[in-house]
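Presented below is the structure to which this report refers.
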Amino acid sequence: MEPFIYIFGKEIPIYGIAWILGTAIAGLIAYLLTKKSGIEGYDLVYSAVFAVLAGVAGAKLLFILVSLNIIIEQNIPFTAVLQGGFVFYGGLIGGAIGILIYTKMYKLNTLKFFDLFALVMPLGHAIGRVGCFYSGCCYGMRYDGPFSCEYTKTLGMTPLNTALLPVQLIEAVLLIILFCVLMYMYLKVQQTGIITVIYLYVYSVIRFVLEFLRGDLERGLIFGLSTSQIVSVMIVVFVTSFLIIKLKKKAVS
């Protein structure tokens, strides 16, 4: 795979194009659903700005934290660290904080915004993972079988000329399926918050399992589990605890 396309002699990373395209398509779908969601178009746009800015900061910060040893050991320049490398969960948490800040500032229904963002996020994420596949980041374990892939040039530290499992594409397919399921439920189910809960549960399970198929060391390992696996468990525990508390309050009232 070639990690770049060339326009007028300029190298354009497919990674960046894919993430921009994924964000744009997800944003467009969210905008088309504003009437059904009861969210004003301008509130969606402004909240998205908050989410993107906080999400990028969170994704970069978590990448630096989990890759700090490698960055120091290999003396990777600070400019190179800034140009590449993001961790999705950092972006997810940062983006959620951005949305929370915006909705609290203007006294809006936070769960409505969470539901709409959670609905379109898997689609944007899936397109972004295609960019990861072409750039070679988030690569899979060594695998010499059907649909394996080899890299001769990458943007990261991917093993070259080695058969690998295309785990990025596996995740992309699963995310598209998740998006389709969430869209069906969004159009059928009226209860606020259910889309957010399903998204967090299902994606956490998907990510936890797929991490066993990854081959990159940049994602960090603690007690045999990657940083993303630990975050996945924490999200499931948090959401479950939140639901139990809500149900108990509802039972008492």
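Brief remarks follow.
- Residue within region 194-213 that is out of contact with any Cys (no Cβ under 9 Å at 6 or more places or on another chain), acidic (D, E) and either in a loop (DSSP other than H, G, I, E, B) or closer than 19 Å to Y89 by Cα (or both) present: yes
- Going through (1) among the hydrophobic types (A, V, I, L, M, F, W, C); (2) crowded, with 16+ Cβ neighbours inside 10 Å; (3) in contact with a helix residue (DSSP H, G or I) (Cβ under 9 Å, 6 or more places away or on another chain) one by one, I222 falls short only on (2).
- Residue within region 156-173 that is over 19 Å from L210 (Cβ atoms) and aliphatic (A, V, I, L, M) present: yes
- Some residue of region 162-171 being modelled with pLDDT of 95 or more, in contact with a His (Cβ under 6 Å, 6 or more places away or on another chain), assigned to a helix (DSSP H, G or I) and of a type in the set (A, V, I, L, M): no
- Top-ranked residue of region 1-55 - restricted to ones that are β-branched (V, I, T) and over 21 Å from D115 (Cα atoms), ranked as surrounded by the most Cβ atoms within 10 Å (Cβ to Cβ): I14
- Taken as a whole, region 80-93 holds at least one residue that is in contact with a Lys or Arg (Cβ under 8 Å, 6 or more places away or on another chain), part of a helix (DSSP H, G or I), of a type outside the set (D, E, K, R) and surrounded by fewer than 17 Cβ atoms within 10 Å (Cβ to Cβ).
- Residues being of a type outside the set (A, V, I, L, M) and touching a residue at least 40 places away in the same chain (Cβ under 8 Å) - total across region 153-169: 5
- When residues of region 172-193 are limited to those that are in contact (Cβ under 8 Å) with a residue 24 or more places away in the chain and not in a helix (DSSP H, G or I), the one nearest to P3 (Cα to Cα): G193
- The set of residues from region 3-24 being modelled with pLDDT under 85 and within 20 Å of V87 (Cα to Cα) comprises just one member, P3.
- Residue check, F63 at pLDDT 95 or above and surrounded by 17 or more Cβ atoms within 10 Å (Cβ to Cβ): no
The values are calculated or read from the model by the stated rules, or taken from the named source; none is laboratory data. If you're wondering where the values come from, they're calculated on a predicted model, not measured in any experiment. Every residue, glycine among them, receives a Cβ derived from its backbone with ideal geometry; neighbour counts consider all protein chains shown.
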